[in-house]
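*Asks:* Shown below is the structure under consideration.
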Amino acid sequence: MLEDSAHPSDRLLLPRWIAERIRHFNYQVIDWIDLSLKSSQAPESVFKISTEDIEKIREPASDKAKLLATSFLMVEPTLSKVEDWEALIDARTTTQISSLTDACPSLGQVTRATFYYQNKAYISLLIEVLNMSFVAAPICGISLDVARFLLQVPQHRLESAIARSAFPLFRWRITVPLFWHDLSTGTLKGESLMHYLMRGSPVRIDDLPAAELIGDRGFTRLQAETYADFFLRLGARASTVSESFHMTATAARSAYKRIHDESSPVGKKPTSVAWYVESSRNRMHATVFTWLYRAALGAGANAPEAHIAAYALYRRQFGGDFVLALERACSLTRTMATDSTLAVVACRSCGTPYIIANNDTKVELPNRYHCPVCTNTLNHGRGRAKGKIDKTDPS
């Protein structure tokens, strides 16, 4: 497991300045890759993107801002396995390292220096994100094993390895042809971008832990107060916070009133299992949240921490277009941890894992399931989540 946080608020929210650094790097690295390709410093086979692809990003019809101004890095490491990183750190070679080295022509002093500074900027950002977020692995497009390894490598050894590298340590993250079609025709939506990121991610929902409930572990008073505050700011009702973190109903209602300047909603909580699969958009949002939530659990977060880290990133990514309220997100994780009315299966066309129904009212067969992107149904049934969200950015 990744190292435990020193304070219960550590690694819960991606700091705003880190999110801005990610966005800046996404814009900057595209220009650097384009220059490298045109000057033959490294081939397309290494970067996994061509100059023609880069022109599609720059075309007026493409949604460049939606693509590059995301909270997710749009490049991933060229070394995807722990054994490759171990070899790089120890000044050894592997098949992948040899392949990357052979693919790049002999580097002059100036070219090698540009590689070094770009690699260093990338790895520095990668390590910062890993240290500051439970959902760093999906953000960076790396496996949880690689995340664990990089976090325990001493900085001086990592910098020495970067200095020895004669190839780029990063490449473009999405290589699916349909992605480039969506981008160039201006039809790339926030949901479809998340689909492509999930599709190519080594962090898969069906390989991650699921069975943990908010009350499974004991909390200190500081932890309970911290988690309660975050839950309220992200839209949880006072009654939910009171039940989850052993806070009195009066204290929870008072905290809600202080944060939102109005009384907490009352009434029946969302419990419909059918909601998560009643439209392609609902299914997509529920799946994205589950992907982030389970990734956080796999990174060492407890259930409250995983809910906070995953939901905050989900909200930041979709902004005003979110459809999954925190109350419903909590109901989703509780349902999937305690019964089998919902399941996760891979799309038969593209292999991306999605949530499917497996209950009395609706059964979707795993061997026949095709995802919303492959069936081109993603833009049907658009809706808006209900729920109070604190307008003050907690990061």
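Bear in mind these aren't lab numbers, they're just calculated from the coordinates by the rules spelled out. Only a predicted model underlies this, so the values are computations on that prediction, with no experimental measurement involved. Note that we place each Cβ from the backbone using ideal geometry, even for glycine, and neighbour counts take in every protein chain shown.
*Asks:* Going through the DSSP H helices of the chain, which span 20 Å or more along their own axis at the Cα atoms while scoring at least -0.5 as a mean Kyte-Doolittle hydropathy? Provide the component values of the computation, followed by the final result.
*Replies:* Working: long enough: 16-38 (34 Å, -0.33); 109-132 (34 Å, 0.21); 280-298 (27 Å, -0.16); 303-318 (22 Å, -0.21).
What comes out of the filter, once short or polar helices are dropped, is 16-38, 109-132, 280-298, 303-318.
*Asks:* Right, another one. Quickly work out the Arg112-to-Ser272 label distance, labels modelled 7 Å from Cα along the C-beta direction, and quote it in nm with one decimal.
*Replies:* With each label placed 7 Å out from Cα toward Cβ, I get 6.4 nm.
*Asks:* What is the gain in length, in nm to one decimal, between Lys38 and Gln152 on full extension, counting 0.36 nm per residue of separation less the C-alpha to C-alpha distance?
*Replies:* In short, 37.4 nm is gained.
*Asks:* Now a separate question. From the cross-link list Lys189/Lys268; Lys38/Lys64; Lys66/Lys362; Lys120/Lys189, which pairs have alpha carbons spaced over 29 Å apart?
*Replies:* Checking Cα-Cα distances, Lys189/Lys268; Lys66/Lys362; Lys120/Lys189 exceed 29 Å.
*Asks:* Roughly how big is the chain's charge dipole about its Cα centre, with Cβ charges of +1 (Lys, Arg) and -1 (Asp, Glu), in debye to the nearest 20?
*Replies:* Numbers: 46 positive and 41 negative charges, 190 e Å.
Dipole size: approximately 920 debye.
*Asks:* How large is the Rg to Rh ratio of the range 164-211 when both quantities use alpha carbon positions and Rh follows Kirkwood?
*Replies:* Result for the range 164-211 is an Rg/Rh of 1.12.
*Asks:* For a label point 7 angstrom out from the Cα of Asp321 toward its Cβ, which stretches of the range 52-89 have the backbone nitrogen within less than 19 Å?
*Replies:* Counting backbone N atoms under 19 Å from the label point, the list is 57-74.
*Asks:* Going highest first, how would you order 16-27, 300-311 by mean Cβ packing within 10 Å?
*Replies:* Output ranking for 16-27, 300-311: 300-311, 16-27.
*Asks:* Please give the FRET efficiency for Lys362 paired with Asp31, using the beta carbon to beta carbon distance and R0 = 56 Å, rounded to the nearest 0.05.
*Replies:* The value I calculate is 0.70.
*Asks:* Using only C-alpha positions, report the orientation-averaged shadow area of the convex hull of the range 100-147, nm², one decimal.
*Replies:* Orientation-averaged projected area of the Cα hull: 4.1 nm².
*Asks:* A follow-up question, please. Taking every Cα atom in the chain, find the radius of gyration and the maximum pairwise distance Dmax, and write them in Å.
*Replies:* Rg and Dmax of the chain, Cα atoms, are 21.8, 69 Å.
*Asks:* Taking +1 at the Cβ of each Lys and Arg and -1 at the Cβ of each Asp and Glu, which of Thr220, Asn119, Pro168 sits farthest along the dipole of the chain towards its positive end, judged by Cα position relative to the Cα centre?
*Replies:* Of Thr220, Asn119, Pro168, it is Thr220.
*Asks:* Let me ask something else about it. Among Pro366, Pro270, Pro154, which one shows the highest mean-square fluctuation when the chain is modelled as a Gaussian network with alpha-carbon springs under 10 Å?
*Replies:* Most flexible of the set in this elastic network: Pro154.
*Asks:* For Gln96 and Lys257, calculate 0.36 nm times their separation in residues minus their Cα-Cα distance, and state this gained length in nm to one decimal.
*Replies:* Full extension from Gln96 to Lys257 adds 52.3 nm.
*Asks:* Any idea what log10 I(q)/I(0) is at q = 0.11, 0.14, 0.19, 0.22 Å⁻¹ for the range 29-168, Debye with uniform C-alpha scatterers and no solvent?
*Replies:* Calculated log10 I(q)/I(0) at the listed q: -0.43, -0.70, -1.26, -1.53.
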